[in-house]
Amino acid sequence: MSKIAFMFPGQGAQKAGMGKDFYEQSETARKVIDKATELLDIDMKALCFEENDKLDQTEYTQAALVTVCMAMEHVLRERGLKADVTAGLSLGEYCAIASAGGMSTEDAITTVRKRGILMQNAVPGGKGTMAAVLGMKGEDIEKVVDPIDGVTIANYNCPGQIVITGWKESVEKASEELKAAGAKRVMPLNVSGPFHSPMLEEAGRELGQVLAGVQLSELEIPYVTNVTAEYVTDISETKALLATQVASSVRWQQSVENMIADGVDTFVEIGPGRTLAGFMRKISRDVKVYNVSTWEDVDKVVSELC
């Protein structure tokens, strides 16, 4: 019997047109997207389906991506597909918690909207940045960046892909030193801030105040938190973890490795793109990975896993 994990992408997976086919084909998906429009007073169809300059601004990206991912997740659940555990990268963790029964879809959408605004406003524009480091082990990257003030590791995505974050000058200095130390490539990322950096600790504290007013429920299944890469089974831990997550490293590779060690052999990436499936190829080739990003994917995944 397969043990299934649902996994949800983070910022960077968004693209114009995401979820449009679900909206056209499914009343269940339409309800999620229309409800987001009502809750946020944002035209979610225009934001998600049409080319626009807002979709790459984190204050809009986060709500748009969670809305679309949850619309897709609701369709899969309606078709009978269930997970044994969930996980999400960065803002995708909100989808993971909602999918695991710990938070309503509506609260996930409204909370990440506020999270996006707090993160967008945490650091003045142009002061912070991020860069992807390719072809270098995490522990070797740590040795280079630890002595440099103002730069830390944001994401442990997979073997050979680590993201650093911090003050622009610090990230640029670290990038040069990483190249000299043997990194295959160091690529500046087109982001609007130094996410998952200690520079966002104040945003995390403010998010904690937002989360204080969010009603959580007992988890139906566990989810894996970015902060520790461990299973969460006690919902009382969730608010503190989400507040901390904003300014701490995303331990995605470790999260996946822990799920595999627990017996998960099938992963379903729910949301636009194939970013997490790409990471999975470098983490383990001994598991099955499915993507649900288009309406056509639904029948295939459901027929094979239900």
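Among the conditions (1) crowded, with 16+ Cβ neighbours inside 10 Å; (2) part of a loop (DSSP other than H, G, I, E, B), Val75 misses just one, which is (2). Scanning region 234-258 for residues that are of a type in the set (Gly, Ala, Ser) and either under 20 Å from Glu142 (Cβ atoms) or at pLDDT below 95 (or both) yields Ala247, Ser248, Ser249, Ser255.
Within 15 Å of Ile117 (Cβ to Cβ), surrounded by fewer than 24 Cβ atoms within 10 Å (Cβ to Cβ) and not aliphatic (A, V, I, L, M), is that true of Lys35?
Answer is no for this residue.
Go through the residues of region 254-271 one by one and say whether even a single one is in contact (Cβ under 8 Å) with a residue 40 or more places away in the chain, open to solvent by 20 Å² or more (accessible area, probe 1.4 Å), within 19 Å of Gln161 (Cβ to Cβ) and not β-branched (Val, Ile, Thr).
Yes, that holds for at least one residue.
Of the residues that make up region 230-242, is at least one crowded, with 20+ Cβ neighbours inside 10 Å, touching a residue at least 12 places away in the same chain (Cβ under 8 Å) and out of contact with any strand residue (DSSP E or B) (no Cβ under 8 Å at 6 or more places or on another chain)? Among the residues of region 230-242, at least one is crowded, with 20+ Cβ neighbours inside 10 Å, touching a residue at least 12 places away in the same chain (Cβ under 8 Å) and out of contact with any strand residue (DSSP E or B) (no Cβ under 8 Å at 6 or more places or on another chain), which makes the answer yes. Condition test on Val210, is it open to solvent by 30 Å² or more (accessible area, probe 1.4 Å) and in contact with a Ser or Thr (Cβ under 8 Å, 6 or more places away or on another chain)? Considered against the rule, which asks whether it is open to solvent by 30 Å² or more (accessible area, probe 1.4 Å) and in contact with a Ser or Thr (Cβ under 8 Å, 6 or more places away or on another chain), Val210 comes out as yes. If you check Met103, Met130 for being farther than 23 Å from Val224 by Cα and at pLDDT 95 or above, only one passes: Met130.
Residue count for region 185-225 under the criterion of being assigned to a loop (DSSP other than H, G, I, E, B) and within 19 Å of Val151 (Cβ to Cβ): the result is 9.
Can you find even one residue in region 272-288 that is among the β-branched types (Val, Ile, Thr) and more than 23 Å from Ala108 (Cβ to Cβ)? Yes, region 272-288 contains a residue that is among the β-branched types (Val, Ile, Thr) and more than 23 Å from Ala108 (Cβ to Cβ). The conditions of being open to solvent by 30 Å² or more (accessible area, probe 1.4 Å), under 20 Å from Gly17 (Cα atoms) and of a type outside the set (Ser, Thr, Tyr) are met by Arg274.
Among the residues of region 271-284, is any in contact with a strand residue (DSSP E or B) (Cβ under 9 Å, 6 or more places away or on another chain) and farther than 18 Å from Asn157 by Cβ? No - not one qualifying residue is present in region 271-284. Counting the residues of region 144-164 that are out of contact with any Ser or Thr (no Cβ under 7 Å at 6 or more places or on another chain), touching a residue at least 12 places away in the same chain (Cβ under 8 Å) and open to solvent by 30 Å² or more (accessible area, probe 1.4 Å) gives 2. Does at least one position in region 206-225 carry a residue that is without any contact (Cβ under 8 Å) to a residue 60 or more places away in the chain, within 21 Å of Ser249 (Cβ to Cβ) and charged (D, E, K, R)? No, that holds for no residue. I'm trying to understand the selection: among the residues of region 1-16, which are part of a loop (DSSP other than H, G, I, E, B), small (Gly, Ala, Ser) and open to solvent by less than 30 Å² (accessible area, probe 1.4 Å)? Gly10, Ala13, listed by residue number. Annotation: Gln245 fulfils all but one of (1) under 16 Å from Gly116 (Cβ atoms); (2) polar (S, T, N, Q); (3) open to solvent by 20 Å² or more (accessible area, probe 1.4 Å); the unmet one is (3). Can you find a residue that is open to solvent by less than 10 Å² (accessible area, probe 1.4 Å), part of a loop (DSSP other than H, G, I, E, B) and modelled with pLDDT of 95 or more anywhere in region 79-98? Among the residues of region 79-98, at least one is open to solvent by less than 10 Å² (accessible area, probe 1.4 Å), part of a loop (DSSP other than H, G, I, E, B) and modelled with pLDDT of 95 or more, which makes the answer yes.
The values are calculated or read from the model by the stated rules, or taken from the named source; none is laboratory data. All values reported here derive from a predicted model rather than from experimental measurement. Note that each Cβ is placed from the backbone with ideal geometry, even for glycine, and that neighbours are counted across all protein chains shown. These area figures cover heavy atoms from the full protein model, side chains too; ligands, DNA and RNA do not enter into them. Shrake-Rupley method; radii C 1.70, N 1.55, O 1.52, S 1.80 Å.
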